[in-house]
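The values are calculated or read from the model by the stated rules, or taken from the named source; none is laboratory data. Since the structure is predicted, the reported quantities are computational estimates derived from the model, not experimental observations. No Cβ is skipped: glycine too gets one built from the backbone with ideal geometry, and neighbour counts run over all protein chains shown. The protein model used for the area step is the full one, side chains on, heavy atoms only, and it has no ligands, DNA or RNA in it. Shrake-Rupley method; radii C 1.70, N 1.55, O 1.52, S 1.80 Å.
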Amino acid sequence: MFLKLNGLDRDNLQIGREQLISVKEAQQKLLSVFHPLESESIPLSEAAGRILSEDVKSAIDLPLFTNSSMDGFAVRSSDVNNASRRHPVALSVVEDIPAGKTPSVRLAKNQTARIMTGAPVPDGADAVIPVEDTDQYDPQSRSSFDLPSEIRVFRTVRAGDYIRHQGEDVRKNEVVLHANSPLKPQELGILAMLGKANVSVFRPPKIAILSTGDELVPVEEPLESGQIHDSNAYTLSALIKRDHGNPEYLGIIPDNEDSVRKFLETAVANSADLIITSAGVSVGVFDYVRTVVESGGELTFWRVNMRPGKPVVFGNFQGVPIIGLPGNPVSAFVGYEVFVRPAILRLSGITGVPRYTIKARLIDGIESDGRESYLRGILKYEDDEWAARLTGHQGSGNLLSLVQANALLIIPPGVKSLAAGSEVDAWLLD
Ligand code: AMP
Ligand code: MG
């Protein structure tokens, strides 16, 4: 007991209260060192999910040429002003225009051209009559392949009907895509329509992942007494991929100063843009990450007023930014969401991606300890609002309670208890 108190006192003396910084301040310090990486040009076929590094302007109109939106007959609308099923109007067919062909004839009075969807509308025509509204339509089979010399039209049309006008979708010189967000499938489609075979995107950040701890064993190996499998590496790797980074797992670091230094040097040699470690950052006798960062680079902060995950190291090692997350799997996860995600988004060039934060009503009261807390919760939509309760045991080593959660409930700093019915902010996890 005495030893423990003694340890705590020593701790306070060494650290000084000012070094326990708020989540907000820590995020600001951290974000100020990250900037988007350089851009590169890549083939469109590889661009899904990559982050555009410049706005894309269209060099052409879309559609590029005025074309038919139906299979039918191009007409002059004035020729069919009085057409109906009882009094069809006869037109003579002067041309066949399948998609991909350029019309060669200008329609004169009472002339028509057979036209397919997507084919250019011939000069003289101002509308299209769908084949269903002519005597050329046979519902039992496809329309006749042979071009008729004359057709009968059963309806009127207004000028412009069934025509897609040049530029009605996109105008030449219009900005169609904005930089700084991940390319979606439909955006690849429009880039192809614009003839962009290559696109300019940000280089994705290379994120080195290191797990520290003598007790850790790779998932492929059996456990001996006192050992556990390294789980953080898998969670962190997947989170990094989700956030458009390229994770590179460098392995498990034994708990000694030399090994920690050696592995960090490997990460630097592999040109990591950011190093993420887990564990070895608290005040245990074998927690070397902070010491090594301090001696081989610069320590910006190492304690944040949050729960779980108070010990979070941030600084650089030989100039490469490093975030040392706590070892407990839930703390590592929360530390990632609070600190690593914003850093990776910044490096990736992604801006304006909101956190999906919603307001939720607590079903039961919650006790907190005054630190900014990120608690595992389950949200359910009932009676027109989100109702929140905590998942089971909130110990930061209990991963199942995170697996069962669909949100992190955020208790602001300074708040020690919240009554049932209070409103909290929640981050949706899925
Ligand atoms: P430490 O920060 O090194 O004191 O670790 C805190 C707790 O997290 C300990 O119970 C560790 O065994 C555990 N832990 C550390 N690293 C990992 C990891 N990569 N996967 C799962 N648990 C870990
Ligand atoms: Mg450890």
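The residues of region 311-387 present an accessible area of 38 Å² per residue when probed at 1.4 Å with all protein chains retained.
Note on R86 and E132: with the Förster distance fixed at 22 Å, the Cβ-Cβ geometry gives a FRET efficiency of about 0.80.
Whenever you get a sec, compute what percent of the accessible area on region 48-113 sits on carbon and sulfur atoms (1.4 Å probe). C and S atoms contribute 50 percent here.
Derived value for region 60-192: Kirkwood hydrodynamic radius 16.0 Å. Basis is the mean of 1/r over every pair of different alpha-carbon atoms. Over region 111-162, Cα pairs under 8 Å with separation of 6+ residues give a relative contact order of 44 percent. The length gained by stretching the chain between I358 and Q318 to full extension, at 0.36 nm per residue less their Cα-Cα distance, is 10.4 nm. Packing-based ranking of 371-378, 173-180 yields 371-378, 173-180, ordered from highest to lowest mean Cβ neighbour count within 10 Å. Accessible surface of D425, taken over heavy atoms with a 1.4 Å probe and every protein chain present, rounds to 60 Å². Potential lengthening of the chain between E423 and D146 amounts to 92.6 nm, from the contour at 0.36 nm per residue minus the alpha-carbon distance.
Region 34-80 and region 228-275 have Cα centres spaced 41 Å apart.
Here region 121-160 and region 176-225 have alpha carbon centers that stand 51 Å from each other. Only helical runs count toward this figure. For the chain, summing -39,500 (n - 2.57) over DSSP H runs of n ≥ 4 and dividing by all residues gives -5500 deg cm²/dmol at 222 nm. Convex hull volume per residue, computed on the Cα atoms of region 113-262, equals 247 Å³.
Accessible area of T66 (1.4 Å probe, protein heavy atoms only, ligands and nucleic acids ignored): about 40 Å². Ordered from highest to lowest accessible area with the whole protein assembly present and a 1.4 Å probe, S181, S348 read as S181, S348.
Using 18 Å as the cut-off for backbone N distance, which residues of region 51-82 belong to the label zone defined by a point 7 Å from the Cα of M193 along Cα→Cβ? Of the residues in region 51-82, 56-70 have backbone N under 18 Å from the label point off M193. The stretch between E54 and K184, if pulled fully straight at 0.36 nm per residue, gains 45.3 nm over its current Cα-Cα span.
Bridges between two residues of the chain, per DSSP, are antiparallel at a rate of about 65%. Taking trypsin sites (Lys or Arg not before Pro) across region 144-212, the ones in a DSSP loop with at most 15 further Cβ atoms lying within 10 angstrom of their Cβ are R158, R171, K172. Which of the three applies to region 295-374, rounded, prolate or oblate, going by the alpha-carbon gyration tensor with a ≥ b ≥ c and a/c under 1.5 meaning rounded? Because a/c hits 1.5 or more and a/b fails to exceed b/c, region 295-374 counts as oblate.
Inter-part distance, region 348-378 to region 100-119, computed on C-alpha centroids, equals 61 Å.
Using the Cβ-Cβ distance between E40 and S231 with R0 set to 45 Å, the FRET efficiency works out to roughly 0.85. The residue list S78, P204, G395 was ranked by how far each Cα lies along the charge dipole of the chain toward its positive end, using unit charges on Cβ atoms, and S78 comes out on top. In region 17-143, taking the dipole from charged Cβ atoms about the Cα centre, the farthest positive-side position among S41, L31, V93 is held by V93. Split the accessible area of region 379-430 by element, probe 1.4 Å, and carbon with sulfur accounts for 52%. Look at the Cα gyration tensor of region 205-346: its axes a ≥ b ≥ c give a/c under 1.5, and that counts as rounded.
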